[in-house]
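Only one structure is covered here, and it is reproduced in the block below.
Derivation of every value follows stated rules applied to the coordinates shown; laboratory data play no part. What you see is a predicted model; the values in this text were computed from it and never measured. Note that each Cβ is placed from the backbone with ideal geometry, even for glycine, and that neighbours are counted across all protein chains shown.
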Amino acid sequence: MSLGLSEGYVEFRFDVGSGAAVIRSKNALELGRFHTVVLKRNSRFGSLSVDGLPAANGTSQGNFRGLDLIEPLHVGGVPDYAAIATASGLKSGFIGCLSRLEISGASVNLASDAINIVGVSDCPTCADKPCKNGGTCVEATTEYGFRCECPEGYSGRTCEGVGERCYPGACGPGGKCNNDPGPTGFTCSCPIGRTGVRCGTGIVIVEPAFSGTSFIAYQTMQNVQRQTRITMEFKLDSLTDGLLLFNGQRLAGSGDFISLAVKDGAVEFRFDSGSGPAIIRSSKNVSLDTWHTIKAERDLKDGSLSLDGLEATKGQSPGSTQGVNLRMPLHLGGMENFDDLPDRVGVNKGLFGCIASVEVNSISLDLVNAVLDSANIQDCGERTCDRAPCQNGATCIQMGDNYVCRCSPQFEGRHCETALNPCQVLTPCLNGGKCEQQGSDYRCMCPLGFKGKDCEEKVELADYTAAFDRDGYIELPNKIMGRGYWAEPEYIEFHFRTTMGNGVIFWQGVEEGSTGRNMDFISIAVSDGYLVFSYELGSGQANIQSEQRINDGEWHHVKTVRTGQNGELTVDEGRPIPGKSGGSLQSVNAKGSVYIGGMPDIVKHTGDKYQTGMVGCVYNLRLQNRPPINLLLDNIGGSNVLPCPAQPPPLQELP
């Protein structure tokens, strides 16, 4: 790779192994002044820009892409021009000055970083006395090779400007200095926690306040490609259009984005996955000096926006693209550079008002301590308890500029937003019941013989009949199926009644604690009101469905038989309905217990095939043409089993 001058033009050359790319500047250089040259190469493609003009581009020949360089970097010349590649186009050394060299963003000190220096002298950058108005010229590694130290009252690169200009430390630690053509000379953009003309005053921020030129930047939103849920609290000082939230994909306003903004008096939720923005407006307008709550959600192309708990407005993005790819920082209240905001957002100004809380996919954003960048943030200056930040019935206690939430015993967290495990706090389940947390509530899985919210009530169960209500089950030992040679028929028979459209009645599959996905099983369940006999032997699932819906609350008699891959389902002495599993495997390899009515962790246990147990009664269960099973004597476990409220049909003996 080489850079040199040819006939007054700058030439950038590189060869990745199949022929050199030669890229020449569009204009010849003007002698006697400094020029800035920027080179870029990516694989076979390269570009050359001189003094900020549009880049010239070029491509190397062939298919090779990588550039392997092992020799030292030479600047200004080489020891022996006969020893370098003729394709470089270099035949003699450079005559002139080099002021600054950066490689991949890292500055190179041309003196201290050198391993050998031959025939190099200081560049007389101050010989032409560039500094005006009594300024002192000092050689420096700047773009022009010098720096002017200006007397009081003058500023600029050559002290040509009247008035003060930016200088290191002018705006304090973290402040950004912006030269201003007006009489003040420059203005400061202060980081969060600092304020004043020169950012010299500390300020405590509880709830950020924005003033049109303010912004805060955070890490880009995570895990939002397919689904996004944003909750925000804000209050306006002005009804002018202003940005609430923006997260984009690329600089200069290109690529995907998600935004929230105040526009024409309402809140707008916009997102674009690459084929045009969805534009969803709140159903009511916002008002001044009032805390509002936004809930914005999207699922691929579909989105919704709710303001202050009102019914959500829905919308959809156009085109075929669905996922949102975000890489740039998340901005609240404004932008440092509004050129990075797409026109598709619909606003180009910052917010006048306060933002109190932001949640993304149920994760709270620390508005003060997670800041990456910011400018001109003030504190909202209100009693924070006035906006009722404490949740779940907690009490807000004002403490100066801050507040504390006093939580009820079932909750914790800064805003009492996290439910404690009531099973640990209350230990409510009696008589050996197992407690399971359900959000801020709990559920007791009662052993056989007990029922009630806390398993406090004793219940008499029958030997051959049991009732279930979604979460109940009886566990029978694996060996009760008594499987033998695969060619021997396998029989299941019972009576049942239900009014629900879905629920597992009979299941045998993997052992408890294992996942049933892609594993052998045999099941009988209600699906969309029909009875379905299913089994998987390892090479394709069989599903045999009744001809009529059976969730009518009446007793039904079901028989199933399976011999290898072939199965039959008979309901209420009707005609047998045949079915067959796929592939060639003949045996069901089910090592787990037999479950009636449901099972623990039904989604995991069935590999997401079923979501709930049955609602209803099972009676007179018989396996392999043996006598009815005594559900009380033969079980090895169970939970939340109830007596059947309906009188079962007479117990039938096998002939």
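Assorted remarks:
- When only Cα pairs below 8 angstrom with a gap of at least 6 residues are kept, the stretch 410-507 shows a relative contact order of 14 percent.
- Gain upon complete extension [Ala127, Ala252; 0.36 nm per residue less C-alpha separation]: 40.9 nm
- Over the residues of the chain, the helix contribution to mean residue ellipticity at 222 nm works out to 0 deg cm²/dmol, using -39500 (n - 2.57) for each DSSP H run of at least 4.
- Cross-link reach list, lysines versus Lys349, counting only Cα pairs under 18 Å and skipping chain neighbours closer than eight places: Lys235, Lys263
- Sorting Ile363, Ile95 by the number of Cβ atoms found within 10 Å of their own Cβ, with the fewest placed first, yields Ile95, Ile363.
- Förster radius 30 Å - calculated FRET efficiency between Lys580 and Leu633 (Cβ-Cβ, nearest 0.05): 0.25
- Calculated Cα Rg over 2.2 N^0.38 Å (choose from (i) 1.13; (ii) 1.47; (iii) 1.33), label: (ii)
- Projected label points at Gln227 and His74, each 7 Å from Cα along the beta carbon direction, are separated by 6.2 nanometres.
- Under 30 Å of direct C-alpha separation, and excluding same-chain neighbours fewer than eight residues apart, Lys434 reaches these lysines: Lys451, Lys453, Lys458, Lys479, Lys591, Lys604, Lys609.
- Anisotropy class assigned to the stretch 465-639 is rounded, per the alpha carbon gyration tensor with a/c under the 1.5 cut-off.
- On the beta carbon distance between His35 and Asn179, with R0 = 25 Å, the FRET formula returns roughly 0.60.
- Simple spin-label estimate for Leu372 and Ala462 gives 6.6 nm between the two label positions (7 Å along the Cα-to-Cβ direction from each Cα).
- Net length gained if the chain between Phe64 and Asp308 were fully extended (0.36 nm per residue, minus Cα distance): 81.9 nm
- Check: the stretch 208-382 dipole with +1 on Lys, Arg Cβ and -1 on Asp, Glu Cβ, in debye: 560
- Backbone N within the stretch 372-394 under 15 Å of label point (7 Å from Ser408 Cα along the Cβ vector): 390-394
- Extension gain for Asp264-Arg517 works out to 85.9 nm (0.36 nm per residue, less the C-alpha to C-alpha distance).
- The modelled label-to-label distance for the pair Leu430/Ser364, using points 7 Å beyond Cα in the direction of Cβ, is 3.7 nm.
- The calculated FRET efficiency for Asp386 paired with Glu102, based on their beta-carbon distance and R0 = 41 Å, is about 0.20.
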